[in-house]
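Input: a single structure, listed below in structure tokens.
All of the numbers you see were taken from the coordinates with simple rules; none came from a lab. In this text, all values refer to a predicted model and were calculated from it rather than measured experimentally. Note that we place each Cβ from the backbone using ideal geometry, even for glycine, and neighbour counts take in every protein chain shown.
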Amino acid sequence: MDSNIALTMRGICMTFPGVKALDNVDFTLKKGEIRALMGENGAGKSTLIKCLTGVNKFEAGEIHVDGIEGPIINKDTMDAQKKGISTVYQEVNLCPNLSVAENLYIGREPLTKIGTVNRRKMNQMAAQLMKDLDLDIDVTQNLEEYSLALQQMIAIARAVDMESKVLILDEPTSSLDDNEVEKLFGMMRRLRDQGVGIIFVTHFLEQVYAVCDGITVLRNGTLVGEYSVEELPRVKLVAAMMGKDFDDLASIKPEGINDFSKVPLEIEAKGLSHPGTIKPFDLDIHKGEVVGLTGLLGSGRSELARVIYGADKAHTGTLKVDGKEVKIKAPIDAMNLGMGLLPDDRKAEGIIGDMSVRENIVLAMQAKQGMFKKIPMAKQIEIADKFIDMLQIKTASRETLIKQLSGGNQQKVILARWLATEPDFLILDEPTRGIDIGTKTEIQKLVIKLAEEGKSVIFISSEIEEMLRTCNRMAVLRDGMKVGEIGMEEMTQEGVMHAIAGGDHHE
Amino acid sequence: MSKIKSLTKKQLFLPIFSMILVMLVNVIYDIACGNPPLSFFQIATQTTTSGNTILFGRLIDVLNRGSEVAILAIGMTLVVSASAGTDISVGSVMSLSGGLCCMLLAGYGVTNVSEYKVPLIVGILAGIALAVVCGIFNGFLVAYLNIQPMVATLILWSAGRAIGLLLCNSAIVYVRVPSFQFLGSYCGFLPTPILVAALCILITALVLKFTAVGTFVQAVGINKKAARISGFNSSKIILICYAVCGLCAGIAGIVATSRIYSADTNNIGLNMELDAILAVALGGNSLGGGKFNLAGSIIGAYTIQAITTTLYALKVSSAQAPVYKAIVVILIVVIQSEPVKAYFKKLSAKKAAAKEAN
């Protein structure tokens, strides 16, 4: 093996029931290189990585790692780690009920002379590691005390600390805000300069160009090509991923109504709040209007929507839906008023993993009908098939368990669950996170179509561009407080950034 | 061949397979002893002293004696599925409901009666109602106060039997009225407990088939948070499951009491919660909650009884029986475990590959 190469994979093949997930895929990673692994949902990125880390057993092919003679097959992630391959997955896979330090050193705790865990040393080491990475974290606190973003950073810190030759970052940035992303990039560059090979899986194109040296593109389980960043500009990359020419995303916004002042209100919130997450706010949403909630992560944008929906119970204030004052005690009340919420944490609050695609799609409908009125099986099948077809959900069958689907397809199933209830008002919290470009566009188009049908939407996204394309108006949040609204005319990338940042720029 | 393959993939395959295995042991034993090989399945008729014709045989005995555990397994399955925990109080609750029933029928402090103080139905319903209350109490602790199921139900596990004993004034209360024995003896030629269990199973199966209760319970069991966002009242559903579990314990308690026409609070339902939990596990259900298969639990319940009956048929002394029972349970659990399943899968894949190569 070339001494400059950190990792090669040759001819990897892998089948899932009914789907050829990887077909003869090659992959090369140099030392001191950050290589983006790109592809749409179901292209095989996660599968390839799971083959590498021993989570999936591949059927054919060889993996070689620098410093180890002959091909390797990892039994599991622990085994992979021993061979210098560390991974940070899309969703944080740490133990929320253990302390940060315990999470960092789980399975390799420093020991005392008599063989018990040396907690003091462990906490010191952890604190030092956090300091090195410029993270302000109390390592003795339980992991669950920290935001998803910080948990993600801790997961990365854990992987980084394990003296890896190959570091895999599977969508590490999808829950981080810009500042945190920059910090992560700094971390990545430092590691690259130390000779670590990094595989970076992301859906954010700009990040690829900000930090990567090379790009490997997969499509439908096959290798499209391995490129350097220079030879593959954005448009060509998207074309390579989608296998067709780039359908310009910027042009989907219709020239519909911009003046909603004469349209009746769907939602009228006055002084709603939930202690600890969101301070009292007012928000009006007209029928057929798409309102974006923007702000940094943790600014309260999800929390605001959750209070309206009753996922967190409102402590103060009043809510009118369609002109009538209502009391929402639990999500089911909101659903009966025609609402739906697609939550941002798909794994924790979205999917019912051990249920089939069909069961997941009809779930909310069934909840509305109640325990004793079962939706007839024929109807369930009809609804499931309709949405699988409409949203082009890639699944072996409607009876496949949802946990076997790729992240983007899971998201489509959850979306289908809400569309099936025919809501008047839909809250979409990060509906496109971890989803490929093609599907992103589809979802954005769908939002606009819903609005055209007179349905109201709250749209929350970390990607400002996406919000600009879909929203008629935006509400800005900062530190758990709604601080203002941005009308159509001020809605530019820069205007929104300024509004989010707040403070200085006006003076 | 392909038919067999698709059969082995079904969740119920292993529970049924285990049951057949236990029956096979009987057949082999009978052959070895020179009995007719199928004497396990033989059902004979017998005329009792009172002149009734009844059925008897080892199979009937399994179905009869297994009734209580089968009834308990229904409730336990729901509890395990919805709350990823077990209700260890069911044995005590059985004893408590039997105790209350007998106490009402005999009157407090009376230990031996030959006529009812209150109508039979009042005693039975009161006993069952108290069991439901116990279930609601457990459910409330688990669903609304977020106490771990094992700890929450530990309270009644220890207190239930004691309260039953208090109700009976620390004595065994005998109710020597023939109609009281009906539920524990014979209805025509069949043992009544078999009919009671069959009725409970039938009602539950119909409810699961024609309503969405199963979906509600499983959704909550698999992902409580997601179920809440999708409009399910998770806490209420968990509470209902515990209440149903209490109901089952009540019914089983009345049947067990009726068998011995007395409230022997120290012994009724003793350790039966463990059999009920084992039945759920033998049925191929994960004790981690989520998806469940009621038929599996029921088969599991009767398998446990079949093991016990077999051991008695083999003339194993009751002191040694638990050891043999443990061995059989280990075997069954091992063949159902994931690594063993994976091993057999690999083996059959290798065979298929070898065939192809030829």
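What does the charge count around A:A311 come to, taking other residues whose C-beta lies under 12 Å from its C-beta (Lys +1, Arg +1, Asp -1, Glu -1)? Kindly include the intermediate steps, with their values, before the conclusion.
Values: positive: A:R306, A:K313, A:K329, B:K225, B:R228; negative: A:E303, A:D312, A:D333, A:D344, A:D345, A:E349, A:D429.
Every neighbour counted, the sum reads -2.
Which far-off residues, 5 or more places away or on another chain, put their amide H under 5 Å from the one on A:I168, with H placed in the peptide plane?
Long-range HN contacts for A:I168: A:S86, A:T87, A:V88, A:I199.
Over all directions, what mean area does the Cα convex hull of the protein assembly as shown project, stated in square nanometres?
The orientation-averaged projected area of the Cα hull of the protein assembly as shown comes to 45.3 nm².
Would you mind getting the Kirkwood hydrodynamic radius of the stretch A:350-422 from its Cα pairs, rounded to one decimal in Å?
That comes to 11.9 Å for the stretch A:350-422.
Treating cross-link reach as a plain straight distance, find the aspartates and glutamates whose alpha-carbon is under 14 Å from the alpha-carbon of A:K449, omitting any fewer than eight places away in the same chain.
A:E255, A:E289, A:E422, A:D424
For each pair in A:K20/A:K403; A:K324/A:K455; A:K347/B:K224; A:K320/A:K379; A:K57/B:K346, compute the distance between the two Cα atoms and list the pairs where it is over 22 Å.
A:K320/A:K379
In the stretch A:1-57, which trypsin sites (Lys or Arg not before Pro) are in a loop and have at most 15 other Cβ atoms within 10 Å, using DSSP for the loop call?
Loop-located and lightly packed - A:K57.
With contacts defined as alpha carbon pairs under 8 Å and 6 or more residues apart, what's the relative contact order of the stretch B:69-172 in percent?
41
In peptide A:367-376, what is the residue-averaged number of other protein chain Cβ atoms found within 10 Å of each Cβ? Walk me through the intermediate numbers first.
Numbers: counts 11, 2, 2, 4, 13, 6, 3, 8, 2, 0.
Mean shielding by partner chains, rounded to a whole number: 5.
Helix A:437-452 sits at what angle to the longest principal axis of chain A, using alpha carbons and giving 0 to 90 degrees rounded to 10?
Between helix and principal axis, roughly 10 degrees.
Run the reach check for A:K31 against lysines, Cα to Cα strictly under 17 Å, same-chain hits fewer than 8 apart removed. What comes back?
A:K83, A:K165
Just counting partner chain Cβ atoms within 10 Å, what average do the residues of peptide B:212-221 show around their Cβ?
If you average over the peptide's residues, the count of other-chain Cβ atoms is 5.
Average projected area of the Cα convex hull of the stretch A:5-247, in nm²? List each step's numbers first, then the result.
On the way: hull surface 56.7 nm².
Quarter of the Cα hull surface area: 14.2 nm².
Can you tell me the length gained on complete extension of the stretch B:V333 to B:S286, counting 0.36 nm per residue apart and subtracting the Cα distance?
15.7 nm
With springs connecting C-alpha atoms under 10 Å apart, model chain B as a Gaussian network and identify which of B:S158, B:S92, B:S67 has the largest mean-square fluctuation.
B:S158
Which far-off residues, 5 or more places away or on another chain, put their amide H under 5 Å from the one on A:K30, with H placed in the peptide plane?
A:A6
Amide H neighbours of A:L218 under 5 Å, at least 5 residues apart or on other chains, H built in the peptide plane: list them.
Counting only residues 5 or more places away or on other chains, the set is A:M38, A:G39, A:V224.
Which of these, B:E338, B:E115, B:E273, has the largest mean-square fluctuation under a Gaussian network model of chain B (Cα springs below 10 Å)?
B:E338
Quick one: helix A:119-132 against the long Cα principal axis of chain A, what's the angle to the nearest 10°, folded into 0 to 90?
Its long axis makes an angle of about 80 degrees.
Quick check on my link table: of A:K329/B:K236; A:K270/A:K412; A:K287/A:K445, which ones sit more than 25 Å apart, alpha carbon to alpha carbon?
Too far apart for the 25 Å limit: A:K270/A:K412.
How shielded is A:354-361 by partner chains, expressed as the average number of their Cβ atoms within 10 Å of its Cβ atoms?
Mean shielding count: 3.
Roughly what angle does helix A:377-390 make with the longest principal axis of chain A, taking Cα atoms, 0 to 90 degrees, to the nearest 10?
Rounded to the nearest ten degrees, it is 70.
Over chain A, what is the relative contact order in percent, taking alpha-carbon pairs closer than 8 angstrom and at least six residues apart?
Answer for chain A is 15 percent.
Say each of A:D76 and A:R190 gets a label point 7 Å from the Cα, pointing the same way as Cα to Cβ; how far apart are those two points in nm?
Each label point lies 7 Å from its Cα, and together they span 3.1 nm.
Modelling each spin label as a point 7 Å along the Cα-to-Cβ direction, I'd like the A:D132/B:S170 distance in nm, to one decimal.
Modelled inter-label distance: 6.8 nm.
Just in the stretch A:330-382: which trypsin sites (Lys or Arg not before Pro) are loop by DSSP and have at most 13 other Cβ atoms within 10 Å?
Qualifying residues, ordered by number: A:K373.
DSSP loop (so not H, G, I, E, B), at most 16 other Cβ within 10 Å: list which chymotrypsin sites (Phe, Trp or Tyr not before Pro) in the stretch B:274-358 pass both filters.
Taking the stretch B:274-358 and a limit of 16 other Cβ atoms within 10 Å, no loop chymotrypsin sites (Phe, Trp or Tyr not before Pro) are found.
For Cα pairs less than 8 Å apart in space and 6+ apart in sequence, what is the mean separation divided by the residue count of the stretch A:5-247, i.e. the relative contact order in percent? Numbers along the way, then the final one.
On the way: 451 pairs, mean separation 69.0, N = 243.
28 percent.
Starting at the first residue of the stretch A:266-279, write each ³J(HN,Hα) from the Karplus equation 6.51 cos²θ - 1.76 cosθ + 1.60 with θ = phi - 60°, in whole Hz, x for Gly and Pro.
For the stretch A:266-279, the Karplus curve yields 8, 10, 9, 9, 10, x, 5, 7, 9, x, x, 10, 9, 7 Hz.
When the Kirkwood hydrodynamic radius is evaluated over all pairs of different C-alpha atoms of the stretch A:358-476, what value in angstrom, to one decimal, is obtained?
Taking the inverse mean of 1/r over all distinct Cα pairs, the stretch A:358-476 comes out at 15.1 Å.
Given the protein assembly as shown, what percent of its DSSP beta bridges are antiparallel, to the nearest 5?
The answer is about 60 percent antiparallel.
Each residue of the stretch A:364-371 in turn: what ³J(HN,Hα) in whole Hz from Karplus with 6.51, -1.76, 1.60 and θ = phi - 60°, glycine and Pro shown as x?
Per-residue couplings from phi come out as 5, 4, 5, 4, 5, 6, x, 5 Hz.
Just tell me, in residue order, which DSSP H segments of chain B are both 18 angstrom or longer along the helix axis (alpha-carbon based) and at least 1.0 in mean Kyte-Doolittle hydropathy.
Helices meeting the span and hydropathy rule in chain B are B:13-33, B:67-83, B:90-106, B:120-143, B:149-167, B:192-210, B:234-259, B:294-313, B:321-336.
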